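Here is the structure we will look at.
The values are calculated or read from the model by the stated rules, or taken from the named source; none is laboratory data. Quick caveat, the model's predicted, so the values are computed rather than measured. In this analysis, Cβ positions are derived from the backbone assuming ideal geometry, glycine residues included, and neighbour counts consider all displayed protein chains.
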Amino acid sequence: MKQRLLFLGPPGAGKGTQAQRLAAERGLLHLSTGDLLRAEVQAGSELGREAEAVMARGELVSDDLVLAIVRSRLEGHQGGWLLDGFPRNPAQAEALDALLSELDQAIELVVLLDLDDTVLIQRLLGRGRTDDNEEVIRHRLSVYHGQTAPLIAHYRSRGQLAAVDGAGSVEEISSRIAAVLDS
Ligand code: ADP
């Protein structure tokens, strides 16, 4: 069973929901950099204070900061993991490769959860998080298309990518993901 996974896809595609379900089902460590950053903001830590304004604008938090969060969680962890929302640009992908080779581990599958921008915007507007107003959403999508989407070709060229249609019910999408994981 594949148990070192990345979830890739635009904001609003349902990565968080699916990642949580899958991680619970298969006993994987679920690492959502967005959730971890929001927890830091809530806690009022120095890291959180640094990240808060950047997140509110829909920009990416610095690579060093995010990498430090991921490193601290993966180091010393035995067993499978599911990275959700990381890497988000080519520099983060490179840093992840370096970290994984240091830990003597490798990505087993990258699941791309994809959906049209129009559907994404509707979903995000309905979610009501503080960074979910229309202007910031449009900006997050443009950051996704500019910085994160190039990772699709990167992982596809390595033969690691499985694309899953993100339209439909939570159950339908879960079974599509299960199908690519078990194939
Ligand atoms: P969404 O999928 O809706 O964009 P996330 O929870 O994944 O939501 O991310 C929310 C915000 O957290 C992003 O807009 C960004 O500011 C920050 N963030 C999350 N992950 C990363 C990352 N890997 N690198 C930089 N910033 C990140």
What residue, among those in the range 100-116 that are charged (D, E, K, R) and under 24 Å from ALA24 (Cβ atoms), is modelled with the highest pLDDT?
GLU108
Return the pair list, or none, for Cβ contacts closer than 6 Å from residues in the range 127-148 that are closer than 17 Å to ALA53 by Cα to residues that are more than 9 Å from the ligand (Cβ to nearest atom), at least 6 apart or on different chains.
ILE137/ILE121
Can you tell me which residue is farthest from the chain's Cα centre (by Cα) among those in the range 84-111 that are among the small types (Gly, Ala, Ser) and over 15 Å from LEU60 (Cβ atoms)?
SER101
Subset of the range 123-150 [farther than 16 Å from LEU37 by Cβ, loosely packed, with under 14 Cβ neighbours inside 10 Å and of a type outside the set (Gly, Ala, Ser)]
LEU125, ARG127, GLU134, GLU135, HIS145, PRO150
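So that you can scan it fast, the table gives a plain yes or no per residue for (1) β-branched (Val, Ile, Thr); (2) touching a Cys at 6+ places or on another chain (Cβ under 8 Å); (3) at pLDDT below 95; (4) near the ligand (Cβ under 10 Å from one of its atoms):
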site	(1), (2), (3), (4)
VAL54	yes, no, no, yes
GLY85	no, no, no, yes
ARG88	no, no, no, yes
GLU94	no, no, no, no
ALA98	no, no, no, no
Against the definition (without any contact (Cβ under 8 Å) to a residue 40 or more places away in the chain and of a type in the set (A, V, I, L, M)), how does LEU120 come out, yes or no?
no
Filter the range 162-183 for residues that are part of a strand (DSSP E or B) and either under 19 Å from ARG4 (Cα atoms) or polar (S, T, N, Q) (or both) and give the result.
ALA162, ALA163, VAL164
What are the pairs, 6+ residues apart or on separate chains, where a residue within the range 1-27 that is under 21 Å from GLU171 (Cβ atoms) and of a type in the set (A, V, I, L, M) has its Cβ under 6 Å from a residue that is away from the ligand (no atom under 16 Å from the Cβ) and not in a helix (DSSP H, G or I)?
LEU5/LEU109
Residue set LEU113, LEU99, LEU124; condition part of a strand (DSSP E or B) and in contact with an Asp or Glu (Cβ under 9 Å, 6 or more places away or on another chain); output residue LEU113
